[in-house]
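**Q** Take this structure, written in structure tokens, and hold onto it; I'll ask about it next.
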């Protein structure tokens, strides 16, 4: 037995910035393609910056899988976000090597400079920081990534300097 409750539903998204027309070419391209869920989710996050629950339900509906499967994939992989983030997402490694080498002090520096807690967006919209289990850069510990750039052998002072540089670059734009 198949649920038809969403078949003819008109989709409304809680976030008005979700323009579903951006996703239509992607959904059409991968329609009926087995194993395309991660690619579709990556594209959606690229378009919208995060994956709100109503978008996940829409994707599930369009590709014919259960919403629980989509949510399971999103929550399993750390690359996916279900909440908006700042323009620069900081991933702070909390793996064993980083922990032993002072990641708690680095997190303190992030919190103090940014004046936000983990997962929050700074008032200027520039930064969000999240702790992650491991970035795989143990020889550089403690380490963080901002976008696709890795920063290692961090100190509190080095973290503040990096963040100030990024902020200055943004203000110069």
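**Q** Please specify each residue of the range 58-91 satisfying the condition of being surrounded by 13 or more Cβ atoms within 10 Å (Cβ to Cβ), closer than 25 Å to residue 114 by Cβ and in contact with a helix residue (DSSP H, G or I) (Cβ under 8 Å, 6 or more places away or on another chain).
**A** Correct list: 80, 81, 82, 87, 88, 90.
**Q** Separate question: Only one of these is within 30 Å of residue 153 (Cβ to Cβ), crowded, with 17+ Cβ neighbours inside 10 Å and assigned by TED's automatic domain parsing to the domain that holds residue 122: 95, 102. Name it.
**A** Details: 102 fails: crowded, with 17+ Cβ neighbours inside 10 Å.
Answer to the check: 95.
**Q** Out of 165, 171, 118, which single residue is under 26 Å from residue 42 (Cβ atoms), free of Cβ contacts under 8 Å to residues at least 40 places away in the same chain and loosely packed, with under 15 Cβ neighbours inside 10 Å?
**A** On the way: 165 fails: under 26 Å from residue 42 (Cβ atoms); 171 fails: under 26 Å from residue 42 (Cβ atoms).
Every option except 118 fails the conditions.
**Q** Sticking with this one: Output the number of residues of the range 43-52 satisfying the condition of being closer than 14 Å to residue 20 by Cβ and part of a loop (DSSP other than H, G, I, E, B). Please lay out each step first, then the result.
**A** First pass over the range 43-52, keeping only residues closer than 14 Å to residue 20 by Cβ: 43-44, 47-48, 51-52.
Going one step further and asking which of them are part of a loop (DSSP other than H, G, I, E, B), we end up with 51-52.
Of the residues in the range 43-52, 2 are closer than 14 Å to residue 20 by Cβ and part of a loop (DSSP other than H, G, I, E, B).
**Q** From (1) loosely packed, with under 13 Cβ neighbours inside 10 Å; (2) at pLDDT below 95; (3) more than 30 Å from residue 149 (Cβ to Cβ), pick out the condition that doesn't hold for residue 46.
**A** So the condition that residue 46 fails would be (3).
**Q** Here is a follow-up. Considering only the range 116-159, give the strands (runs of 3 or more DSSP E) lying wholly within it that have at least 2 residues that are over 15 Å from residue 106 (Cα atoms), at pLDDT below 95 and not assigned by TED's automatic domain parsing to the domain that holds residue 78.
**A** Details: elements: 127-132, 144-146, 149-151.
Filter on the range 116-159 gives an empty set.
The values are calculated or read from the model by the stated rules, or taken from the named source; none is laboratory data. Computed from a predicted structure; not experimentally measured. Positions of Cβ are backbone-derived with ideal geometry, glycine not excepted, and every protein chain shown enters the neighbour counts.
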